[in-house]
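Sending over a structure as structure tokens; questions will come in a sec.
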């Protein structure tokens, strides 16, 4: 996206405290997101430097002198000139029309200089005038006379002088600008857009020299503009500030299915969710669409079965450690969670002993779940052994070069053992941990029926700093519920083999560490 923005009365409004600074912060975010910002003004370069000294920090390009000059960071990209001869004709005509009126001139060239004397071709001629009516009459007569030559004239009324930091003398109340053929903000925009190959173009301004670019592109007008200009656009294209416009432009748009979800959330929670800032997230391994609404809600749009199984798990586990499910709709295939404010575990890791203790506490909260089967909820296997075998075979496709002898021997130890059944998280690991005030919170369950000890091992093996520092004897202190050491070692081996296959896809840099541990165990 590329945003073309007028300066005086649009980006800069001195009458509103803090407005300029807020706008600049929004521009910074806009450009960091990969978009381009173009200051598009009737000012010349010298005047921009006076009014906006740090313009280079916030702009990608400048369109100056009402479109007569376009500059990049390294200099002029293109410009249009009124020849010196034609400029002198315009000046002479204005002198002849002026009579007793007080007038003055400023001349602008493509290097950005301002001069009181005419020398060479000009990107703009600014005529300072003492009377609005005379300025209007002069504009009409000159526009008619120089129409075939392509020279364009723009008027600036009494308010304009208060906005422009260059006043050549007392007594002037308004101004008239002459620009060359080919100029005009909308013409310069068209040429720059074609050069850059941009597809999404947005314009914003507040004056009559902005109206053509607003009409030609996806234009917005400031709510402080003159009433006759505001009447040119519908309410959806009137904005109160550049910051508000950028916030609107950067809001991701929802498709029809997502809008149904938003409306259902609003219905169930009796809230106004559509107005909250939206951030979309990549979910990596799944096809789900995940986005936050402000810092209040996290929405996950997925398939009906996932909604059913996750809702079953979250309805049974106590609140505190897991995402709080606020509402869901299986037919629409979404869940809406309380937004957890915290850091990813990888950015805020805990001391290993503290991490293992918290993991054990969370596993200890898993609910008993009596069932005839084992495995992923909705895709159960008849026995615990068959579920583990299915996990091993799936893992083997990802790590085919690693011997299966050890893990298959471990599976023989597990045998046809039927452990006490719990409903477990199922994808329990640091990749699904958030740390909030030093406590682990867990997201994205994939519920599994089975031995909670397996989920415990699966979690502590998900971080190389944890399993690298703490030996198996430390792990074996937890959940001493009549398990034999041989069974614990076998289950740990299976969990390690399966976790190693995940590392091969999502954590390849740590795969050698997993392989070394597998060799030693």
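The values are calculated or read from the model by the stated rules, or taken from the named source; none is laboratory data. These numbers come from a predicted model, not from an experiment. No Cβ is skipped: glycine too gets one built from the backbone with ideal geometry, and neighbour counts run over all protein chains shown.
Are any residues in the stretch 330-364 under 29 Å from residue 471 (Cβ atoms) and in a strand (DSSP E or B), and if so, which ones?
Taking the stretch 330-364 and keeping what is under 29 Å from residue 471 (Cβ atoms), we get 343-364.
If the condition is that a residue be under 29 Å from residue 471 (Cβ atoms) and in a strand (DSSP E or B), then 343, 344 are the ones that fit.
When the residues of the stretch 106-145 are filtered to those that are surrounded by 16 or more Cβ atoms within 10 Å (Cβ to Cβ) and in contact (Cβ under 8 Å) with a residue 60 or more places away in the chain, which remaining residue is nearest to residue 62 (Cα to Cα)?
112
Just for the stretch 213-242: of the residues that are farther than 14 Å from residue 202 by Cα and assigned to a helix (DSSP H, G or I), which one is modelled with the lowest pLDDT?
235
Conditions first: (1) surrounded by 17 or more Cβ atoms within 10 Å (Cβ to Cβ); (2) not in a loop (DSSP other than H, G, I, E, B). Residue 327 passes all but one, so which condition is the exception?
(1)
Find the residue count for the stretch 23-51, including only residues that are outside any helix (DSSP H, G or I) and in contact with a strand residue (DSSP E or B) (Cβ under 8 Å, 6 or more places away or on another chain).
Qualifying residue count for the region: 10.
I've got another one for you. Considering only residues of the stretch 253-265 that are farther than 24 Å from residue 215 by Cα and in a loop (DSSP other than H, G, I, E, B), which is farthest from the chain's Cα centre (by Cα)?
Residue satisfying both the conditions and the ranking: 255.
OK, next. Checking the condition more than 41 Å from the chain's Cα centre (by Cα) and within 30 Å of residue 268 (Cα to Cα), which residue from 369, 334 passes?
Being more than 41 Å from the chain's Cα centre (by Cα) and within 30 Å of residue 268 (Cα to Cα) holds for just one of 369, 334, which is 369.
Let me confirm something: among 371, 403, which residue is touching a strand residue (DSSP E or B) at 6+ places or on another chain (Cβ under 9 Å), assigned by TED's automatic domain parsing to the domain that holds residue 517 and surrounded by fewer than 15 Cβ atoms within 10 Å (Cβ to Cβ)?
Just a single option satisfies the conditions, and that option is 371.
Inside the stretch 471-502, can you point out the residues that are over 20 Å from residue 405 (Cβ atoms) and in contact with a helix residue (DSSP H, G or I) (Cβ under 7 Å, 6 or more places away or on another chain)?
475, 476, 478, 479, 483
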